[in-house]
Structure formats: structure tokens, C-alpha cells
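The values are calculated or read from the model by the stated rules, or taken from the named source; none is laboratory data. Keep in mind the model is a prediction, meaning the values are calculated, not measured. FYI the Cβ positions are ideal-geometry reconstructions off the backbone, even for glycines, and counts take in every protein chain you see.
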Amino acid sequence: MLFLIIVGVIIGALAILLTHLGNPANMGFCIACFLRDIAGGLGLHRAGVVQYLRPEIAGLGLGAMAVAWLKGEFRARGGVGLLRFVLGFAMMIGALVFLGCPLRMVLRLAGGDLNALVGLLGFVCGIYVGVLALKSGYNPGRAYPQPRGTAFIYPVVLAALLAAVALRPQFIFFSAEGPGSMAAPVLASLGAGLVVGILAQRSRLCLAGGIRDMILIRDPHLLWGFTGIFAAALIGNIALGKFNLGFANQPIAHTAHLWNFLGLAVVGFAAVLAGGCPLRQLIMAGEGDTDAVLTVLGMVAGAAFAHNFGLAGSAAGVAPAGRVAVLVALAVLVLIGFGHRLQAKARRSEKEVA
Amino acid sequence: MELDVTGLSCPMPVVKVKEAIEAGKLPLQVKVSAGAPRDNVKRLAQKMGLAVAEKPAGAGAYWLELNAR
């Protein structure tokens, strides 16, 4: 418990530091936003204001890889496959409608953004529905050991992203304005990512897991990390005069309550079905979990679609296409989470007919 | 009783072990993957006041023997 609080406090403090060094407001860390920026940096979407190969993401994966290796937990494994890609995709659609992953939700709350409180309610409800799916018998199946080499695919891709940030080749996009242009120095971003990657790997921190375990088995263990992040970021924001309580005029946020709620409900639901929040997926990907790598790829693809088709939220709110996308994502998650019940019913009625 | 929860994603290992304990299946031999599942099952057992003995099972897995104190 103490370790998780300390990990949370360090993450919260680093997030405030990164914001201070140049990252966008309440976005010291945001897994969804950073993956969206990476999708943009690679040219997978052409929203010019959100394109940057965020070194934090590489740091998270490489830090997790290094410490997992030292502790004998770096193992190639996988087997669930396509399902995890779809869950990552859905997670990203929900997160970009809300404008942040669960980690940024905590940081937005700590900045006084009450829209994040609406998001938190949605997140809890989504997790609750995910727990209902688990209780009704949802089981994504088992991961099995994979050839050792497959564990290196994700770290190699991360190293390539870092190389691209350093060399700035012509085919990589860098925002000249907007959130994508706001960034802490590369080495600070990378260093913070490495530290958080190591700490998150050791503590198994998961923003969805705390609420899930509380509902499912009354275990508050992981919630302590959540609390630590909030407390440190809150104190940091107040000390730096960046705390601004209210709904209106919050940085990179909108006040469409229903869509803030449903956006994070999608993230919470998908996170339970995928075995962890977006941050946790990055960490597991670094450990050699190829299903988590697929989840991350799903998130990147989701971000590309979100911006190519105008699904993402903005300060102006959520466009009709984004609303439809959230509802479709929810429908897909219900089908994934409760689909086995349809099968069971069909089998029963077949027997009755026979 | 033996229970293999290797390769299951969170929170299935803990859920399955808890079900088995509550069904009175002690002593329980659980095969878990290294990392979060191993930590979580051990924490659950300790919370439920059980004794835990551990030995490596190879290929990144462990056998945990859970028993009443």
C-alpha cells in the first residue's frame, strides 16, 4: 500500500513537472493523447495540431522492459489476439471523445476540471458493467508463451520512434501549433517515461484495476496509486497557481456532460475486458505481452480513425460522428462482454428443438 | 486441488482462486504466471489468512500452495 502511494505521488509530481516544462495543461501524462500524437507524427492522421512522437511512450515501454528483464518477468506471451485490438480501438474512441485516458482524468481532476468528475462517474459505471460481464462468464481466454523474439518487437518499435524524434526525418510530422507543439524537452520526457515505466511495472499500477477490484472483491489496493497521483498533482497545481475549479474554459476539455460520461464509460468497460487501463497496456506491452501490444496498436488505429473521421472531441464539444462512434463502441463492447450469453441461449434452444 | 490460472488476464486469476478457496478446496495448488497474477494471488491468500508456500514451475510460472494456518 505504501509503495503504491509513493509510486502515485512520484507519477503525479512528474506529470506536474512535465506540464511545467512544456507539456499541454493537465497533460503531463496522457496515454491516449500521446498515442494520438504518435499516430499523427507517423502521418496516420493529418490533424496538424496533434502530431508528435511523444518520447514518454517510448520511456514507459522501455522502462517496463528493463525492470521486467531484471526481475525475470520479461516473457513473450500472447494468444487472445484480435479481440484485444478491438478493445484498444474502442478505448481510444472513448478516451478521445472525453479528451483523455483515465490517467489524464485524474490529472484533470487535480487541476480543478469538474468535467473530469463527470468522466470519473462514467468510468466507474463502465467498470461496473465490465465487472457484470466478468460475473456473467466473460473470459477472453488464455495467453501462452510465444517465441522469445516476439517480446522484442515492441521495444524495437519504441527505439525507432525515439530515433525518429532525434533525427527528425522529413516523413515524420511535428506540430507547429496546438497541443502537439507543446512538449517538455525530449530528454525530460524520455526520463520521466522511464521512471514511470519502472515504477508502474513494479507496482502493477492500473487506473481501472483499483475501481474494478473494489467492486469485484472489495480490495482497495490499487486505488492507493490513484489517490497518490491525485494528491501530488493537486498540491503541485495549487502551489503553481494552476488550480482552476469549474466546468467552463478548462484546458483541452469540453462541457458536453453526457459525452464525457459515456466516453469514459467506454474506456472503463473496455479496460476491464482487456485486463487493464491504457497505461497498464503500455507496461504489459513492454514486458513482452503481445496481446497488450495489439491493444496498443488498436489504440493507435483508433486515434487515426478518430481524427480522420472527425470523431474526437474538442473544446467545442463532440460532433455527431463522435457521438455515433461512442454508441457503436458501447454496442460492440456489450456484444464482446455478454456475447457468450447469446451463444448459451442459442445452444439451449437448439437442444429444446431436438 | 490443483488450479491452473497461467496466462489469464486480470482479474481472472484472483477471481478463480477466490472461488476455489470459498468452495473449501484447501489445500489448493495454484499455478500462476510471474508478475501481477503471482503478486495478486499471494496478496489475496494473505488477506484471507492463508499460509502460502511457493516454488518455481518453469517457463515464467510458479506453484503456490495455499493452506489454512
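Points worth noting:
- Entry remark, the range A:211-255: residues being surrounded by 18 or more Cβ atoms within 10 Å (Cβ to Cβ), closer than 19 Å to residue A:116 by Cβ and more than 21 Å from the chain's Cα centre (by Cα) number 3 in total.
- The residue of the range A:181-205 that is surrounded by the most Cβ atoms within 10 Å (Cβ to Cβ), among those that are within 11 Å of chain B (Cβ to nearest Cβ) and polar (S, T, N, Q), is A:201.
- Test: residue in the range A:171-180 that is part of a helix (DSSP H, G or I), surrounded by fewer than 21 Cβ atoms within 10 Å (Cβ to Cβ) and at pLDDT 95 or above: no
- Note on the range A:108-134: residues that are within 14 Å of chain B (Cβ to nearest Cβ) and in contact with a Leu (Cβ under 8 Å, 6 or more places away or on another chain) amount to 4.
- Condition check for residue A:139 on (1) in a loop (DSSP other than H, G, I, E, B); (2) touching a helix residue (DSSP H, G or I) at 6+ places or on another chain (Cβ under 7 Å); (3) at pLDDT 95 or above; (4) surrounded by fewer than 18 Cβ atoms within 10 Å (Cβ to Cβ): one failure, at (3).
- A single entry from A:244, A:237 fulfils the requirement of being among the polar types (S, T, N, Q), touching a Pro at 6+ places or on another chain (Cβ under 9 Å) and more than 25 Å from residue A:64 (Cβ to Cβ): A:244.
- Test for residue A:96: is it in a helix (DSSP H, G or I), within 22 Å of residue A:146 (Cβ to Cβ), at pLDDT 95 or above and more than 14 Å from chain B (Cβ to nearest Cβ): no
- Test: residue in the range A:58-69 that is in contact with a strand residue (DSSP E or B) (Cβ under 8 Å, 6 or more places away or on another chain), within 11 Å of chain B (Cβ to nearest Cβ) and surrounded by 24 or more Cβ atoms within 10 Å (Cβ to Cβ): no
Rundown of residues vs (1) more than 10 Å from chain A (Cβ to nearest Cβ); (2) crowded, with 16+ Cβ neighbours inside 10 Å; (3) part of a strand (DSSP E or B), yes/no style:
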residue	(1), (2), (3)
B:8	no, yes, no
B:14	no, yes, no
B:21	yes, yes, no
B:32	yes, yes, yes
B:37	no, yes, no
B:41	yes, yes, no
B:51	yes, no, yes
B:57	yes, yes, yes
B:66	yes, yes, yes
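- For residue A:208: the one exception among (1) within 14 Å of another protein chain (Cβ to nearest Cβ); (2) buried (at least 17 other Cβ atoms within 10 Å of the Cβ); (3) in contact (Cβ under 8 Å) with a residue 24 or more places away in the chain; (4) touching a His at 6+ places or on another chain (Cβ under 7 Å): (4)
- Odd one out for residue A:42 among (1) under 18 Å from residue A:298 (Cα atoms); (2) surrounded by 24 or more Cβ atoms within 10 Å (Cβ to Cβ); (3) more than 14 Å from chain B (Cβ to nearest Cβ); (4) of a type outside the set (Gly, Ala, Ser): (2)
- Any chance residue A:83 is assigned to a helix (DSSP H, G or I), in contact (Cβ under 8 Å) with a residue 60 or more places away in the chain, farther than 21 Å from residue A:204 by Cβ and within 14 Å of chain B (Cβ to nearest Cβ): yes
- Only one entry in A:161, A:120, A:132, A:187 is part of a helix (DSSP H, G or I) and within 18 Å of the chain's Cα centre (by Cα), namely A:120.
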